[in-house]
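One structure follows; several queries about it will come next.
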Amino acid sequence: MTIQQVAALAGVSTATVSRALAGKKTVSTATRLRVEAAAKELGYVVSSAASSLASGRTRNIGVVMPFLDAWFYMRVLNGAHQALYDAGYDLTLYHLDAASTEPGGEDNPRRSRLFDEFLRRQRVDGFIAVSLELTEAELDSLHAIGKPAVGIGGPLRGALTLSIDDAAVARLATDHLLSLGHRHIAHIGGDPMLDLDFHLPSHRRGGYEEALRTHGIEPDPLLVRVADFTITGGYRATLQLLGDPRVAPTAIFAASDEMAMGAIMAARDLGKRVPEDLSIVGIDGHELGDFFGLTTVSQFPETQGRLAAQAVLEALETGSTPAHHIALPFELVVRRSTSVPTDH
């Protein structure tokens, strides 16, 4: 089928068919519906290449993220994909190492190649950067390309950004344990080596310590362990913590749900009951949280991806990219992994 046949059946010009199927607002709703009906009846499908040439757009959004195998990032990606798919856009995924520089201060060649080569090929209409703190040079490259950019996880100069208040999330989780009567609260946080982009591990540890001090409790460094945001990492860190004779925590605040799940498994392997002997809370809203009975602070990662995608699409529609910050929602979800301490 050809565009000329669609135009003849709908009783409009080929230019109107092109504009209608591209979703242009200059075409009335009645005409657009007539054109779409004609295209459907004839089995006509718009050529993506021809559409791109006509509109100057690829109908493709690039998503740049540091990890491809972590639950949180996959849920963010799923939220973005659904929103883009519903709007008729494709998604191209770019993997960019979390580290902004290599040892010795040299530029990471993979990052340089992405910004100097891949993004300049003009194969996408806009970008979403997930949990990546871009350098000044990288931001300059993005702005020079003239494509709208949205960041998730922290501030990006000259771009719309969406982020959760990591310190506030940690305070909420710790406050929950304090409200139950716990005073010896341990923290399993992120490894300092992962504290490169937007400083998530340090912000969550800071929120934990602030909550303790607000209740007159001085943070004890012996009650802090670090891991890699995985179940295995949380398991190992909890074994170390509970095996330390110098401390006797009654509760653990883990900086991610997966580390909290690992903590639950380690506690049970050591013969401790959760929550009777040890209360545990995490952060994320992981889909396995209900299975583990895990109390958590949900940060709705799919919503984050959806909002970012909608922001890019709105910028494309309006032709402007407002450089401001949107605070993302979070919510305490109480399940059976936390309770009052037995000696309370």
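Assuming a ≥ b ≥ c are the square roots of the Cα gyration tensor eigenvalues, decide whether the stretch 1-44 counts as rounded (a/c under 1.5), prolate (otherwise, with a/b larger than b/c) or oblate.
The shape class here is prolate.
Give me a comma-separated list of calculated 3J(HN,Hα) values for the stretch 201-216, in order, Karplus coefficients 6.51, -1.76, 1.60 applied at θ = phi - 60°, integers in Hz, x for any Gly or Pro.
Residue by residue, the stretch 201-216 yields x, 5, 5, 6, 5, x, x, 4, 5, 5, 5, 4, 5, 4, 9, x Hz.
Hey, of (1) 30, 22, 19; (2) 43, 22, 20; (3) 48, 22, 16, which did the structure itself give for semi-axes √(5λ) of the Cα gyration tensor in Å when calculated?
Step by step, semi-axes √(5λ) of the Cα gyration tensor in Å for this structure corresponds to label (3).
While we're on this one: Take peptides 241-248, 264-271, 304-311 and line them up by average Cβ neighbours within 10 Å, highest first, as a rough protection proxy.
304-311, 264-271, 241-248
Shifting gears a bit: What relative contact order, as a whole-number percentage, does the chain give when Cα pairs under 8 Å and 6 or more residues apart are counted?
It rounds to 17 percent for the chain.
Something else: Looking only at E210, E41, E302, which one moves most when the chain is put into a Gaussian network model with springs between Cα atoms under 10 Å?
Top of the fluctuation ranking is E41.
Continuing with the same structure: Solvent-accessible area of D290, probe 1.4 Å, all protein chains present, reported in Å² to the nearest ten, please.
Using a 1.4 Å probe on the heavy atoms, I get roughly 100 Å².
So if I place +1 on the C-beta of Lys and Arg and -1 on the C-beta of Asp and Glu, and nothing else carries charge, what would the dipole magnitude of the stretch 213-341 be about its Cα centre? I want it in debye, nearest 20.
With only Lys, Arg, Asp and Glu charged at Cβ, the dipole is about 460 debye.
State in Å² the accessible area per residue of the chain; use a 1.4 Å probe, count heavy atoms of protein chains only, and round to the nearest integer.
Working: 16430 Å² over 344 residues.
With all protein chains present, the chain gives 48 Å² per residue.
Of T238, T2, which has the most accessible area and how do the rest follow, probe 1.4 Å?
Largest to smallest exposure gives the sequence T2, T238.
What does the charge count near H215 come to, summing +1 for each Lys or Arg and -1 for each Asp or Glu among other residues with Cβ under 9 Å from its Cβ? Numbers along the way, then the final one.
Details: positive: R183, R213; negative: D175.
My count for the surroundings of H215 gives +1.
To continue, here is another question. Please arrange T303, T214 by accessible surface area, largest first, computed with a 1.4 Å probe and ligands excluded.
Result of the area sort, largest leading: T214, T303.
Among T31, T318, what's the order by accessible area (1.4 angstrom probe), most exposed first? If you can, show how the numbers build up before the last one.
Values: T31 25, T318 85 Å².
Most to least solvent-accessible, the answer reads T318, T31.
Of the heavy-atom accessible surface of the chain (probe 1.4 angstrom), what whole percent is carbon and sulfur?
53 percent
Note down the net charge around P275, summing +1 for each Lys or Arg and -1 for each Asp or Glu among other residues with Cβ under 12 Å from its Cβ.
Neighbour charge sum, excluding P275 itself: +3.
Continuing with the same structure: Any idea what the relative contact order of the stretch 196-276 is, in percent, if you count C-alpha pairs under 8 Å spaced at least 6 apart?
27 percent
Still on this structure, please answer the following. In a GNM of the chain with a 10 Å cut-off on Cα contacts, which of A211, A38, A263 has the highest mean-square fluctuation?
Residue with maximal mean-square fluctuation among A211, A38, A263: A38.
State the antiparallel share, in %, of DSSP beta bridges confined to the chain, rounding to the nearest 5. Can you show the working numbers first?
Details: 4 of 39 bridges.
Antiparallel bridges: around 10 percent, rounded to the nearest 5.
To the nearest 10 degrees, how steep is helix 231-242 against the longest Cα principal axis of the chain, on a 0 to 90 scale?
Relative to the chain, helix 231-242 is tipped by roughly 20 degrees.
Would you please report the Å³ per residue occupied by the convex hull of the alpha carbon atoms in the stretch 193-305?
With only Cα atoms used, the stretch 193-305 gives 117 Å³ per residue.
Okay, moving on. What does the net charge come to around Q82 if you take all other residues with beta carbon closer than 12 Å to its beta carbon, with K and R at +1 and D and E at -1?
Taking every other residue near Q82 into account, the sum is 0.
Let me ask you something else. Starting from the Cα coordinates of the stretch 249-327, work out the convex hull volume and express it per residue in Å³. Intermediate results must be reported in sequence, preceding the final value.
Details: hull volume 7.1 nm³, N = 79.
Spelled out: Cα convex hull of the stretch 249-327, divided by residues, is 90 Å³.
Which far-off residues, 5 or more places away or on another chain, put their amide H under 5 Å from the one on T92, with H placed in the peptide plane?
I61, G62, V63
Amide H to amide H under 5 Å from L160: which residues, 5+ apart in sequence or cross-chain, H placed 1.01 Å off N in plane?
A149, G151, H324
Another question, then. Multiply the residue separation of A37 and S202 by 0.36 nm, subtract the distance between their alpha-carbon atoms, and state the gained length in nm to one decimal. Show your work: numbers first, answer last.
Values: separation 165, 0.36 × 165 = 59.40 nm, distance 5.58 nm.
Contour length minus Cα-Cα distance gives 53.8 nm.
The values are calculated or read from the model by the stated rules, or taken from the named source; none is laboratory data. Please read these numbers as outputs of a predicted model, since none were measured by experiment. A quick note on method: Cβ atoms are made from the backbone with ideal geometry, for glycine too, and the neighbour counts reach across all protein chains shown. Only protein heavy atoms, including side chains, enter the accessible area calculation; ligands, DNA and RNA are left aside. Shrake-Rupley method; radii C 1.70, N 1.55, O 1.52, S 1.80 Å.
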